[in-house]
Amino acid sequence: DLVHLRKINLLSCKNLKKIPNLSGAVNLERLDCENCESLVKLPSLAHLTSLKTLHLKGCRSLKKFPAIPNNFDRLDLSETGIKEVPDFIERLDRLRGLYLTNSMVKDVSSNISKLKSLKVLDLSGCPIVKSPEIPRSLTDLYLSGTQIEEVDFYSNSRAKDASSNISKLESRYYDGCPIVKSSFPTVDVPSPSLMSMRMDRCKSLNLLSELPPYLLELNVQDCTSLEKVSFADQILYQFDYLDADDACFHAFTMLFWNCFNLNQESINNIEANAMLKIGSLAMKWAARYDWKYYPDKAPRLICCFPGNKISANIFKCQSMNSSLSLKIAPNGGSGSRILVFAICLVADPTHCLEFQLREFICEYQLTTAGGG
(Lines give C-alpha, C1' and ligand atoms only; values in the text may rest on other atoms or scores of the structure.)
Protein backbone atom coordinates (compact mmCIF):
# COMPACT_ATOMS: atom_id res chain seq x y z
CA ASP A 1 0.00 0.00 0.00
CA LEU A 2 1.67 3.20 -1.21
CA VAL A 3 -1.16 5.59 -0.46
CA HIS A 4 0.60 7.09 2.58
CA LEU A 5 3.98 7.48 0.88
CA ARG A 6 5.12 11.12 0.77
CA LYS A 7 8.82 11.02 -0.15
CA ILE A 8 11.15 8.70 -2.05
CA ASN A 9 14.90 9.29 -1.79
CA LEU A 10 17.02 7.36 -4.29
CA LEU A 11 19.86 9.88 -4.44
CA SER A 12 23.01 8.57 -6.18
CA CYS A 13 21.83 4.96 -6.49
CA LYS A 14 24.37 4.26 -9.21
CA ASN A 15 23.00 0.80 -10.19
CA LEU A 16 19.30 1.70 -10.19
CA LYS A 17 17.88 1.05 -13.67
CA LYS A 18 14.12 1.20 -13.21
CA ILE A 19 11.52 2.50 -10.77
CA PRO A 20 8.41 0.32 -10.33
CA ASN A 21 4.83 1.45 -10.96
CA LEU A 22 3.86 4.26 -8.59
CA SER A 23 0.18 4.43 -9.53
CA GLY A 24 -0.80 3.77 -5.92
CA ALA A 25 1.40 6.55 -4.49
CA VAL A 26 -1.31 9.19 -5.01
CA ASN A 27 0.02 11.35 -2.16
CA LEU A 28 3.66 11.32 -3.22
CA GLU A 29 5.12 14.82 -2.93
CA ARG A 30 8.84 14.32 -3.60
CA LEU A 31 10.87 11.96 -5.77
CA ASP A 32 14.65 12.33 -5.63
CA CYS A 33 16.61 10.36 -8.23
CA GLU A 34 19.50 12.77 -8.71
CA ASN A 35 22.72 11.18 -10.01
CA CYS A 36 21.12 7.79 -10.63
CA GLU A 37 23.45 7.24 -13.57
CA SER A 38 21.98 3.88 -14.67
CA LEU A 39 18.32 4.90 -14.48
CA VAL A 40 16.83 4.13 -17.91
CA LYS A 41 13.10 4.53 -17.41
CA LEU A 42 10.61 6.29 -15.18
CA PRO A 43 7.02 5.18 -14.65
CA SER A 44 4.30 7.63 -15.65
CA LEU A 45 3.99 10.28 -12.99
CA ALA A 46 1.28 12.34 -14.66
CA HIS A 47 -1.46 11.12 -12.30
CA LEU A 48 0.48 12.03 -9.14
CA THR A 49 -1.23 15.34 -8.53
CA SER A 50 0.53 15.87 -5.18
CA LEU A 51 4.02 15.60 -6.68
CA LYS A 52 5.76 18.97 -6.29
CA THR A 53 9.48 18.08 -6.35
CA LEU A 54 11.30 15.91 -8.88
CA HIS A 55 15.10 15.65 -8.97
CA LEU A 56 16.57 13.95 -12.04
CA LYS A 57 19.78 15.90 -12.57
CA GLY A 58 22.68 13.62 -13.49
CA CYS A 59 20.50 10.71 -14.71
CA ARG A 60 22.62 10.28 -17.82
CA SER A 61 20.93 7.08 -19.03
CA LEU A 62 17.43 8.61 -18.98
CA LYS A 63 16.49 9.25 -22.63
CA LYS A 64 12.86 10.39 -22.48
CA PHE A 65 11.30 13.53 -21.07
CA PRO A 66 9.29 12.47 -17.99
CA ALA A 67 5.48 12.45 -18.03
CA ILE A 68 4.65 14.61 -15.02
CA PRO A 69 1.62 16.44 -13.61
CA ASN A 70 1.12 20.15 -14.12
CA ASN A 71 2.34 21.06 -10.65
CA PHE A 72 5.84 22.28 -11.32
CA ASP A 73 7.14 25.82 -11.56
CA ARG A 74 10.74 24.59 -11.90
CA LEU A 75 12.08 21.47 -13.60
CA ASP A 76 15.78 20.60 -13.65
CA LEU A 77 16.71 17.87 -16.15
CA SER A 78 20.35 18.90 -16.49
CA GLU A 79 23.01 16.31 -17.34
CA THR A 80 20.47 13.71 -18.45
CA GLY A 81 20.34 11.68 -21.67
CA ILE A 82 17.04 13.31 -22.72
CA LYS A 83 17.11 13.94 -26.48
CA GLU A 84 13.85 15.78 -27.08
CA VAL A 85 11.46 18.24 -25.46
CA PRO A 86 8.15 16.68 -26.62
CA ASP A 87 4.87 18.22 -27.77
CA PHE A 88 3.17 17.58 -24.41
CA ILE A 89 5.39 20.26 -22.87
CA GLU A 90 2.50 22.65 -23.54
CA ARG A 91 0.53 20.99 -20.73
CA LEU A 92 3.03 22.23 -18.15
CA ASP A 93 1.59 25.74 -18.22
CA ARG A 94 2.71 26.57 -14.66
CA LEU A 95 6.36 26.03 -15.51
CA ARG A 96 8.55 29.08 -14.92
CA GLY A 97 12.00 27.53 -15.29
CA LEU A 98 13.18 24.63 -17.50
CA TYR A 99 16.82 23.58 -17.14
CA LEU A 100 18.40 21.06 -19.53
CA THR A 101 22.03 22.12 -19.17
CA ASN A 102 24.51 19.62 -20.65
CA SER A 103 21.79 17.17 -21.57
CA MET A 104 21.48 15.47 -24.98
CA VAL A 105 18.58 17.57 -26.34
CA LYS A 106 18.64 17.95 -30.12
CA ASP A 107 15.04 18.99 -30.71
CA VAL A 108 12.61 21.27 -28.85
CA SER A 109 8.92 21.16 -29.74
CA SER A 110 7.47 24.43 -30.99
CA ASN A 111 4.75 23.92 -28.35
CA ILE A 112 7.15 25.33 -25.80
CA SER A 113 6.22 28.74 -27.17
CA LYS A 114 2.73 28.23 -25.67
CA LEU A 115 4.02 28.28 -22.08
CA LYS A 116 2.80 31.67 -20.90
CA SER A 117 4.53 31.46 -17.51
CA LEU A 118 7.97 30.29 -18.66
CA LYS A 119 10.69 32.77 -17.68
CA VAL A 120 13.93 30.78 -17.93
CA LEU A 121 15.02 28.27 -20.59
CA ASP A 122 18.50 26.78 -20.27
CA LEU A 123 19.80 24.58 -23.10
CA SER A 124 23.48 25.32 -22.53
CA GLY A 125 25.80 22.56 -23.68
CA CYS A 126 23.09 20.67 -25.62
CA PRO A 127 23.81 19.38 -29.16
CA ILE A 128 20.84 21.35 -30.47
CA VAL A 129 21.25 22.79 -33.99
CA LYS A 130 18.01 24.73 -34.53
CA SER A 131 17.13 27.72 -32.37
CA PRO A 132 14.00 26.96 -30.29
CA GLU A 133 10.78 28.93 -30.59
CA ILE A 134 10.45 30.82 -27.34
CA PRO A 135 7.38 32.09 -25.47
CA ARG A 136 6.77 35.83 -25.17
CA SER A 137 7.04 35.55 -21.39
CA LEU A 138 10.70 34.40 -21.47
CA THR A 139 13.21 36.68 -19.73
CA ASP A 140 16.35 34.49 -19.71
CA LEU A 141 17.58 32.34 -22.60
CA TYR A 142 20.77 30.28 -22.21
CA LEU A 143 22.17 28.60 -25.32
CA SER A 144 25.90 28.64 -24.53
CA GLY A 145 27.99 25.94 -26.14
CA THR A 146 25.25 24.69 -28.49
CA GLN A 147 25.58 23.95 -32.22
CA ILE A 148 22.98 26.52 -33.29
CA GLU A 149 23.93 28.32 -36.51
CA GLU A 150 21.27 31.04 -36.80
CA VAL A 151 18.92 32.92 -34.46
CA ASP A 152 16.21 35.10 -35.98
CA PHE A 153 13.90 36.71 -33.43
CA TYR A 154 11.81 38.34 -36.14
CA SER A 155 10.80 35.43 -38.33
CA ASN A 156 7.18 36.46 -37.81
CA SER A 157 6.32 38.10 -41.16
CA ARG A 158 3.30 39.92 -39.70
CA ALA A 159 5.55 41.63 -37.17
CA LYS A 160 8.04 42.46 -39.92
CA ASP A 161 5.38 44.03 -42.11
CA ALA A 162 3.95 46.03 -39.22
CA SER A 163 7.42 47.22 -38.21
CA SER A 164 8.03 48.35 -41.78
CA ASN A 165 4.75 50.25 -41.80
CA ILE A 166 5.60 51.99 -38.53
CA SER A 167 9.03 52.99 -39.84
CA LYS A 168 7.40 54.46 -42.94
CA LEU A 169 4.89 56.39 -40.86
CA GLU A 170 7.64 57.71 -38.60
CA SER A 171 9.53 59.16 -41.56
CA ARG A 172 6.62 61.14 -43.00
CA TYR A 173 6.12 64.86 -42.48
CA TYR A 174 2.74 66.46 -41.78
CA ASP A 175 3.60 70.18 -41.72
CA GLY A 176 0.45 72.26 -41.85
CA CYS A 177 -1.88 69.24 -42.00
CA PRO A 178 -4.93 69.33 -39.70
CA ILE A 179 -4.41 65.82 -38.29
CA VAL A 180 -7.26 64.80 -36.00
CA LYS A 181 -6.19 61.25 -35.18
CA SER A 182 -3.40 58.94 -36.20
CA SER A 183 -3.08 55.22 -35.51
CA PHE A 184 -0.35 52.62 -35.79
CA PRO A 185 -0.73 48.92 -36.52
CA THR A 186 -0.81 46.58 -33.55
CA VAL A 187 2.44 44.62 -33.56
CA ASP A 188 2.80 41.28 -31.85
CA VAL A 189 6.55 41.60 -31.30
CA PRO A 190 8.58 38.51 -30.45
CA SER A 191 10.28 38.13 -27.06
CA PRO A 192 9.08 41.43 -25.52
CA SER A 193 10.18 40.29 -22.05
CA LEU A 194 13.61 38.86 -22.90
CA MET A 195 16.32 40.45 -20.74
CA SER A 196 19.20 38.00 -20.79
CA MET A 197 20.66 35.93 -23.62
CA ARG A 198 23.80 33.83 -23.42
CA MET A 199 25.21 32.13 -26.50
CA ASP A 200 28.92 32.16 -25.73
CA ARG A 201 31.10 29.41 -27.21
CA CYS A 202 28.62 28.61 -30.00
CA LYS A 203 31.27 27.85 -32.60
CA SER A 204 28.77 27.26 -35.44
CA LEU A 205 26.75 30.44 -34.88
CA ASN A 206 26.99 32.79 -37.87
CA LEU A 207 23.82 34.92 -37.66
CA LEU A 208 21.98 36.84 -34.92
CA SER A 209 19.07 38.62 -36.53
CA GLU A 210 16.66 41.22 -35.10
CA LEU A 211 17.78 40.95 -31.49
CA PRO A 212 15.55 42.76 -28.97
CA PRO A 213 17.16 46.23 -28.66
CA TYR A 214 17.10 46.54 -24.87
CA LEU A 215 18.67 43.26 -23.74
CA LEU A 216 20.12 43.62 -20.26
CA GLU A 217 22.71 40.88 -20.88
CA LEU A 218 23.97 39.72 -24.27
CA ASN A 219 26.89 37.30 -24.14
CA VAL A 220 28.13 35.82 -27.42
CA GLN A 221 31.84 35.80 -26.69
CA ASP A 222 33.99 33.17 -28.41
CA CYS A 223 31.42 32.72 -31.21
CA THR A 224 34.24 32.59 -33.72
CA SER A 225 32.02 32.02 -36.80
CA LEU A 226 29.62 34.88 -36.06
CA GLU A 227 29.45 37.28 -39.03
CA LYS A 228 26.12 39.12 -38.93
CA VAL A 229 24.34 40.86 -36.05
CA SER A 230 21.27 43.09 -36.25
CA PHE A 231 18.78 44.56 -33.78
CA ALA A 232 15.02 45.04 -34.01
CA ASP A 233 13.51 48.50 -34.32
CA GLN A 234 13.37 50.14 -30.89
CA ILE A 235 10.04 51.73 -31.83
CA LEU A 236 8.40 48.38 -31.12
CA TYR A 237 9.87 47.96 -27.64
CA GLN A 238 9.72 49.81 -24.33
CA PHE A 239 12.71 50.71 -22.19
CA ASP A 240 11.42 49.84 -18.70
CA TYR A 241 14.66 49.39 -16.77
CA LEU A 242 15.53 51.56 -13.78
CA ASP A 243 11.83 51.57 -12.85
CA ALA A 244 12.46 48.62 -10.55
CA ASP A 245 14.45 48.47 -7.30
CA ASP A 246 16.35 45.33 -8.25
CA ALA A 247 20.05 46.15 -8.64
CA CYS A 248 20.35 43.82 -11.65
CA PHE A 249 18.60 46.44 -13.77
CA HIS A 250 21.55 48.83 -13.56
CA ALA A 251 24.29 46.98 -15.43
CA PHE A 252 24.07 46.26 -19.16
CA THR A 253 26.58 43.91 -20.79
CA MET A 254 27.20 43.28 -24.50
CA LEU A 255 30.07 40.84 -24.92
CA PHE A 256 31.33 40.01 -28.41
CA TRP A 257 34.77 38.96 -27.24
CA ASN A 258 36.77 36.99 -29.84
CA CYS A 259 34.07 37.41 -32.50
CA PHE A 260 36.67 38.38 -35.10
CA ASN A 261 34.54 37.42 -38.12
CA LEU A 262 31.98 40.17 -37.53
CA ASN A 263 31.53 42.30 -40.64
CA GLN A 264 31.68 46.10 -40.45
CA GLU A 265 27.91 46.53 -40.75
CA SER A 266 27.42 44.30 -37.70
CA ILE A 267 30.02 46.23 -35.71
CA ASN A 268 28.19 49.42 -36.63
CA ASN A 269 24.92 47.84 -35.47
CA ILE A 270 26.48 46.83 -32.14
CA GLU A 271 27.90 50.31 -31.68
CA ALA A 272 24.55 51.92 -32.50
CA ASN A 273 22.71 49.65 -30.08
CA ALA A 274 25.19 50.50 -27.32
CA MET A 275 24.56 54.21 -27.94
CA LEU A 276 20.80 53.63 -27.88
CA LYS A 277 21.10 52.01 -24.46
CA ILE A 278 23.42 54.75 -23.18
CA GLY A 279 20.96 57.43 -24.28
CA SER A 280 18.03 55.59 -22.73
CA LEU A 281 19.92 55.12 -19.47
CA ALA A 282 20.89 58.80 -19.41
CA MET A 283 17.29 59.95 -19.80
CA LYS A 284 16.10 57.59 -17.07
CA TRP A 285 18.98 58.54 -14.80
CA ALA A 286 18.20 62.25 -15.16
CA ALA A 287 14.86 61.62 -13.48
CA ARG A 288 16.42 59.90 -10.46
CA TYR A 289 17.95 61.55 -7.41
CA ASP A 290 18.97 58.56 -5.30
CA TRP A 291 22.21 57.66 -7.15
CA LYS A 292 23.97 60.23 -4.95
CA TYR A 293 23.38 57.90 -2.04
CA TYR A 294 23.72 54.61 -3.89
CA PRO A 295 26.61 55.11 -6.35
CA ASP A 296 27.18 51.37 -6.65
CA LYS A 297 23.78 51.12 -8.34
CA ALA A 298 24.48 53.79 -10.92
CA PRO A 299 23.54 52.46 -14.39
CA ARG A 300 26.39 51.40 -16.64
CA LEU A 301 27.02 49.54 -19.87
CA ILE A 302 29.93 47.29 -20.80
CA CYS A 303 30.23 46.63 -24.54
CA CYS A 304 33.10 44.54 -25.87
CA PHE A 305 33.61 43.91 -29.59
CA PRO A 306 36.53 43.64 -32.06
CA GLY A 307 38.12 46.89 -33.18
CA ASN A 308 40.40 49.68 -32.02
CA LYS A 309 38.23 52.80 -32.26
CA ILE A 310 34.79 54.29 -31.79
CA SER A 311 33.16 56.02 -34.75
CA ALA A 312 34.10 59.70 -34.83
CA ASN A 313 30.49 60.91 -34.88
CA ILE A 314 29.37 58.92 -31.83
CA PHE A 315 30.65 61.30 -29.13
CA LYS A 316 30.87 65.07 -29.55
CA CYS A 317 33.94 65.41 -27.32
CA GLN A 318 36.83 62.95 -27.56
CA SER A 319 40.35 62.63 -26.25
CA MET A 320 43.22 60.17 -26.54
CA ASN A 321 44.40 61.15 -23.06
CA SER A 322 43.12 60.17 -19.65
CA SER A 323 41.34 63.50 -19.16
CA LEU A 324 38.90 65.65 -21.11
CA SER A 325 37.82 69.29 -20.79
CA LEU A 326 34.55 70.52 -22.25
CA LYS A 327 32.15 73.44 -22.01
CA ILE A 328 28.56 72.74 -21.04
CA ALA A 329 25.68 75.02 -21.94
CA PRO A 330 23.46 76.22 -19.07
CA ASN A 331 21.16 73.39 -17.98
CA GLY A 332 22.86 71.24 -20.56
CA GLY A 333 20.71 72.93 -23.18
CA SER A 334 17.75 70.76 -22.12
CA GLY A 335 16.16 72.80 -19.36
CA SER A 336 16.75 69.99 -16.84
CA ARG A 337 18.23 70.66 -13.39
CA ILE A 338 20.04 67.31 -13.52
CA LEU A 339 23.29 67.04 -15.47
CA VAL A 340 23.95 63.60 -16.95
CA PHE A 341 27.27 62.47 -18.41
CA ALA A 342 27.54 59.60 -20.87
CA ILE A 343 31.21 58.65 -20.84
CA CYS A 344 32.80 56.06 -23.13
CA LEU A 345 36.16 54.45 -22.37
CA VAL A 346 37.91 52.44 -25.08
CA ALA A 347 40.05 49.74 -23.48
CA ASP A 348 42.10 46.74 -24.56
CA PRO A 349 40.74 43.65 -22.73
CA THR A 350 43.41 41.27 -24.04
CA HIS A 351 44.97 40.70 -20.63
CA CYS A 352 41.84 41.27 -18.55
CA LEU A 353 39.46 38.82 -16.99
CA GLU A 354 35.78 39.41 -17.77
CA PHE A 355 34.88 40.73 -14.31
CA GLN A 356 37.75 43.25 -14.47
CA LEU A 357 35.98 45.04 -17.33
CA ARG A 358 33.00 45.81 -15.15
CA GLU A 359 34.73 48.32 -12.87
CA PHE A 360 36.33 51.67 -13.64
CA ILE A 361 36.77 54.93 -11.77
CA CYS A 362 35.85 58.30 -13.24
CA GLU A 363 36.53 61.57 -11.43
CA TYR A 364 35.10 64.90 -12.56
CA GLN A 365 35.32 68.51 -11.48
CA LEU A 366 32.73 71.14 -12.41
CA THR A 367 33.92 74.75 -12.74
CA THR A 368 31.63 77.70 -13.33
CA ALA A 369 32.35 80.31 -15.98
CA GLY A 370 33.62 82.59 -13.19
CA GLY A 371 36.11 79.99 -12.03
CA GLY A 372 34.17 78.82 -8.97
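Per-structure values
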quantity	calculated
Test for L100: is it in contact (Cβ under 8 Å) with a residue 24 or more places away in the chain and open to solvent by less than 80 Å² (accessible area, probe 1.4 Å)	yes
Yes/no for V187 being surrounded by 13 or more Cβ atoms within 10 Å (Cβ to Cβ), at pLDDT below 90 and not in a strand (DSSP E or B)	yes
Test: residue in region 91-114 that is over 24 Å from the mean Cα position of the chain (by Cα), more than 20 Å from D140 (Cβ to Cβ) and not hydrophobic (A, V, I, L, M, F, W, C)	yes
Residue within region 231-251 that is of a type outside the set (S, T, Y), modelled with pLDDT under 90 and closer than 15 Å to C303 by Cα present	yes
Residues that are closer than 27 Å to L143 by Cβ and either surrounded by fewer than 17 Cβ atoms within 10 Å (Cβ to Cβ) or not hydrophobic (A, V, I, L, M, F, W, C) (or both), drawn from region 24-52	E34, N35, E37
Matching residues, region 252-271, being open to solvent by less than 60 Å² (accessible area, probe 1.4 Å), modelled with pLDDT of 85 or more and not in a loop (DSSP other than H, G, I, E, B)	T253, M254, L255, S266, I267, N269, I270, E271
Residue match in region 341-358 (condition: open to solvent by 40 Å² or more (accessible area, probe 1.4 Å), at pLDDT below 70, over 24 Å from N219 (Cβ atoms) and hydrophobic (A, V, I, L, M, F, W, C))	yes
Residues (free of Cβ contacts under 8 Å to residues at least 24 places away in the same chain and surrounded by fewer than 17 Cβ atoms within 10 Å (Cβ to Cβ)) located in region 103-116	K106, S110, K116
Selection from region 54-78 of residues that are surrounded by fewer than 18 Cβ atoms within 10 Å (Cβ to Cβ) and outside any loop (DSSP other than H, G, I, E, B)	R74
Residue within region 3-22 that is without any contact (Cβ under 8 Å) to a residue 24 or more places away in the chain, surrounded by fewer than 14 Cβ atoms within 10 Å (Cβ to Cβ), in contact with a Pro (Cβ under 9 Å, 6 or more places away or on another chain) and within 21 Å of N70 (Cα to Cα) present	yes
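This table checks each residue for (1) at pLDDT 75 or above; (2) not in a loop (DSSP other than H, G, I, E, B).
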| position | (1), (2) |
| --- | --- |
| W285 | no, yes |
| I302 | yes, yes |
| I314 | no, no |
| R337 | no, no |
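The values are calculated or read from the model by the stated rules, or taken from the named source; none is laboratory data. This structure is a prediction, so every number in the text was calculated from the model and none was measured. Note that we place each Cβ from the backbone using ideal geometry, even for glycine, and neighbour counts take in every protein chain shown. Ligands, DNA and RNA are excluded from the accessible area calculation, which covers all protein heavy atoms including side chains. Shrake-Rupley method; radii C 1.70, N 1.55, O 1.52, S 1.80 Å.
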